[in-house]
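All of the numbers you see were taken from the coordinates with simple rules; none came from a lab. If you're wondering where the values come from, they're calculated on a predicted model, not measured in any experiment. Here the Cβ positions follow ideal geometry from the backbone for every residue, glycine too, while neighbour counts run over all protein chains shown.
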Amino acid sequence: MNPYAPPASEVDPEHLARITRRRAWRVYAFFLTGLYGLTMFYSFATDYRAILIPDLLFSGVGLTGLFAFAFRKRVLRPWVWVVWAVLLPVWDLLFSFVLDRSTDETGGAVETALVFLLVVPEYIALWRYAHSSNEIWRS
C-alpha cells in the first residue's frame with residue numbers, strides 16, 4: 001500500500017453532472033419567474049388590458065411545469081405536459097404577434113425575439129418533463 005497515493009473518490013461523475021444540471025434548471029426557473037413577475041406587475045400597473053389575464057394563466061401553468069421539472073416533482077399527468085409543451089409556444093407566438101398590439105413594429109419585433117430566446121429553455125424543459133422524465137413519473 002502506497003501512503004502517498006491519493007484517496008479514491010466515491011463521487012459518481014454522472015451523479016454530479018445530474019445535480020449540476022438540476023441546479024441550473026432551478027436557477028433558471030427562479031430567474032424566469034422573477035422576470036415574468038416584474039413584467040406582469042408592470043403591465044398590469046401601467047397598461048392593463050384584458051388579454052393579460054389569459055397570458056398570466058398560460059405563463060403560470062408553464063412555470064409550474066418548469067418548477068416541477070427542475071425539482072423533480074409529479075404535477076398532474078404526463079399527457080397534460082405533452083399538450084402544454086405544444087400549447088405554450090403557440091400561445092406565446094399568438095399573443096406576441098396577433099393579440100398584443102401594445103408595442104411598436106420595430107421595437108416590438110426585437111423585444112419579442114429576445115423574449116423568445118429567453119423562454120426557449122422553458123419549452124425544452126416542458127417537453128423533457130413530459131417525455132424524458134420517467135424517473136419522476138414512475139416514483
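Mind checking the full-extension length gain between Arg21 and Glu111? Use 0.36 nm per residue of separation minus the Cα-Cα distance, one decimal, nm. Spell out each step's value before the answer.
Numbers: separation 90, 0.36 × 90 = 32.40 nm, distance 2.81 nm.
29.6 nm is the gain from fully extending Arg21 to Glu111.
Could you order peptides 41-53, 115-127 by the average number of other Cβ atoms within 10 Å of their residues, highest first?
So the order, starting with the most tightly packed, is 115-127, 41-53.
Find the relative contact order for the range 25-138 and round it to a whole percent, using C-alpha pairs within less than 8 Å whose residues are 6+ positions apart.
Values: 67 pairs, mean separation 44.3, N = 114.
Relative CO of the range 25-138 lands at 39 percent.
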Output the peptides 60-68, 82-90 sorted from most to least packed, where packing is the average of other Cβ atoms within 10 Å over each peptide's residues.
60-68, 82-90
